[in-house]
Amino acid sequence: MTYTGDVQVGGPADVRELPKLTIYKLAVGPYDNDAYLLRCAETGDGVLIDAAAEADRLLALIADEPISSIVTTHRHGDHWQALEQVAKVTGAQVVAHPLDAPALPVPVDREVADGDRIAVGVVTLEVIHLRGHTPGSIALLYDGGGAGQHLFTGDSLFPGGVGNTEGDPIRFEQLYTDVSERIFDRLPDETWVYPGHGKDTTLGAERPSLPEWKARGW
């Protein structure tokens, strides 16, 4: 079946099969968060992005297969409600940016900065630090070569705009600048965006609206 990224809380995961990586997107309640399980096609190793909630459903998705890391994109509580339980059951290392790590409910095993790499079996994810939504928000980029670029943005980029900066013009300028320079200026329009809530998008679909976002300030 064709991957769409349209998932509902309580419903099944949507699955995208790439040559070297399989991506599972699962919506969890109560805040309609998106959690992503990435699994290496060659080794079977997995990485979970945002153990947001509903640990039982996340563990059912992981099943009996290994995961080496759980990456938390930022410190807001709706993105780590299931972190403690999933980490305990799987033994996976907990990964986050140092500026957001102290707010998580469990110790962070590995702190990552902009440009660092996180292994998913034989492939890697590049960490992109995006300040503004929180000080330590990160996105994760999988460069699939011929299979395209796949960007997991947490709450820093959505269809229709950047993440919430609570009306703070300094934080908005940080986030807008980082998203512009570290994402739109370097990645092609075909880059697929997997956000922390709601539907997916592409950079090409959002790029024409950048001036509008800057003008409105959110």
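The values are calculated or read from the model by the stated rules, or taken from the named source; none is laboratory data. Not measured: the values here are computed from a predicted model. A quick note on method: Cβ atoms are made from the backbone with ideal geometry, for glycine too, and the neighbour counts reach across all protein chains shown.
Scanning segment 160-218 for residues that are of a type in the set (D, E, K, R) and part of a helix (DSSP H, G or I) yields a total of 10. Consider only pairs whose beta carbons are under 9 Å apart and that are at least six residues apart or on different chains; among these, list those whose first residue lies in segment 121-134 and is in contact (Cβ under 8 Å) with a residue 60 or more places away in the chain and whose second residue is of a type in the set (V, I, T) and surrounded by fewer than 19 Cβ atoms within 10 Å (Cβ to Cβ). The qualifying pairs are G121/T43; V122/T43.
Taken as a whole, segment 135-149 holds no residue that is crowded, with 18+ Cβ neighbours inside 10 Å, farther than 29 Å from R39 by Cβ, at pLDDT 95 or above and over 14 Å from the mean Cα position of the chain (by Cα). Within segment 10-20, the set of residues being under 19 Å from T201 (Cα atoms) and either under 17 Å from the mean Cα position of the chain (by Cα) or surrounded by 14 or more Cβ atoms within 10 Å (Cβ to Cβ) (or both) comprises A13, D14, V15, R16, L18. For the residues L104, L99, L48, L58, the requirement of being within 20 Å of H150 (Cα to Cα) and either touching a residue at least 24 places away in the same chain (Cβ under 8 Å) or of a type in the set (K, R) (or both) singles out L48.
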